[in-house]
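Below: the structure, in structure tokens.
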Amino acid sequence: MVDGLFVEEDAKLIKKILLSQHVAEDTLYWPYSTSGTYSCKSRYRFIKEEEELQLNSQTPPICHKKVWKEVWQMQAPPKIKNFLWRACHNVLPTKQALMRRKILEDPICERCKMAVEDSLHAVWSCLELDIVWADQEKWGFRCEIEFTCVRELLSWMIEEGKSLELLAFMAWTVWNQRNKVRLNLQAYLLYQVAEETAELLAQYRASTKASDMLVRSHEIGGNRWRALQVGFVKVNSDGAAYKVEEIEVLAARKALSFAHELRFQNVILKGDVLGVILALK
Ligand SMILES: [Zn+2]
């Protein structure tokens, strides 16, 4: 069963786990707290430790405040910002990271089978990704400059006045493609990544523009906060992802079913994607 469900190397590791002599229920265990229970505090501590480990191995130090600011200010869904931030701190579950945590024994990249897979290698420098970053006008510097980590790459791009959005979307797609391939799921082929990403970025920008127009039309119309009529409640819904409309519809549905659960009879729904609000009307 283990062989059927997991890739060979994971199955090998799983089979090495000693089983209890007694019949016992399986439990979830978070290894970064003494009690084994997950908490935000222990996750924060774990990420900080990883960050320090990474910083200590870097010379010269990179101005990370600036990178931090640019990443959080860029026009991208939160999950992509979050992904880039994790790549910057080298805390993506790459083969190198999994080996450091003693989950895998082999840190070599499965695409090229030539180098250790850290965050930079996984999304940027692997030779197999040449086809992804082939647009010389945009990414010509990839062959000219050797970076040591994702943060150094971002820092250089910021210094050069280059936008981070496209890089963030591309790296995110590459990372997801890698995960899908590992899990034998249907995935883009590498030569399709650049084109598909450009389309996704365009879709995201179009949805953001529609939301901005809605906000502006509210501002122009002097639509300020007003106290609700007695007996009404307002539910706010919001979602963030590539397919913004889809997520916004799900968020709206969740908000309405929550209001229903609380037995509110008169509800005003507030969302920020024009198309979704109009469709619900
Ligand atoms: Zn590789």
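Computed from the coordinates by the stated procedures, all read-outs in this text should not be read as laboratory data. All values derive from a computational prediction rather than experimental measurement. Backbone-built Cβ (ideal geometry, glycine too); neighbour counts: all protein chains shown.
Based on the Stokes-Einstein relation at 37 °C and a viscosity of 0.692 mPa s, and on the Kirkwood radius from alpha carbon pairs, region 74-117 is assigned a translational diffusion coefficient of 285 µm²/s. Below 24 Å, Cα to Cα, which lysines can residue 234 reach? Residues fewer than 8 away in the same chain don't count. Hits, sequence-local ones excluded: 254, 270, 281.
In order along region 178-193, the phi-based Karplus estimate (6.51 cos²θ - 1.76 cosθ + 1.60, θ = phi - 60°) of 3J(HN,Hα) comes to 4, 5, 5, 4, 4, 8, 6, 9, 5, 9, 4, 7, 4, 5, 8, 4 Hz; Gly and Pro are listed as x.
Site pair residue 260 and residue 14 shows an inter-label distance of 3.8 nm when each label is modelled 7 Å from Cα along Cα→Cβ.
Sorted from greatest to least, the principal axis extents spanned by the alpha carbons of region 1-152 come out as 62, 35, 31 Å.
Here the gap between residue 268 and residue 35, fully extended at 0.36 nm per residue and compared with their Cα-Cα distance, gives a gain of 79.5 nm. Listed by chain and number, the aspartates and glutamates whose alpha-carbon sits under 16 Å from that of residue 102, ignoring those within fewer than 8 places in the same chain, are 9, 10, 50, 117, 118.
Any chance you could run the full-extension gain for residue 189 through residue 135? It's 0.36 nm times the residue separation minus the Cα-Cα distance, nm to one decimal.
Numbers: separation 54, 0.36 × 54 = 19.44 nm, distance 1.66 nm.
Taking 0.36 nm per residue and subtracting the Cα distance, the gain is 17.8 nm.
Only lysines eight or more places from residue 81 in sequence, or on another chain, were considered; those with a Cα closer than 24 Å are 41, 48, 65, 66, 69, 95, 138, 162, 180, 209, 243.
So what's Rg/Rh here for region 108-197, counting alpha carbon atoms and using the Kirkwood radius for Rh? Don't jump to the answer; show the numbers that get you there.
Details: Rg = 12.8 Å, Rh = 13.5 Å.
Taking Rh as the inverse mean 1/r over Cα pairs, Rg/Rh reads 0.94.
Treating each Cα of region 122-161 as an identical point scatterer and summing with the Debye formula, the log10 of I(q)/I(0) at q = 0.29 Å⁻¹ comes to -1.18.
Kirkwood hydrodynamic radius of region 62-223, from the reciprocal of the average inverse Cα-Cα distance over all distinct pairs: 17.0 Å.
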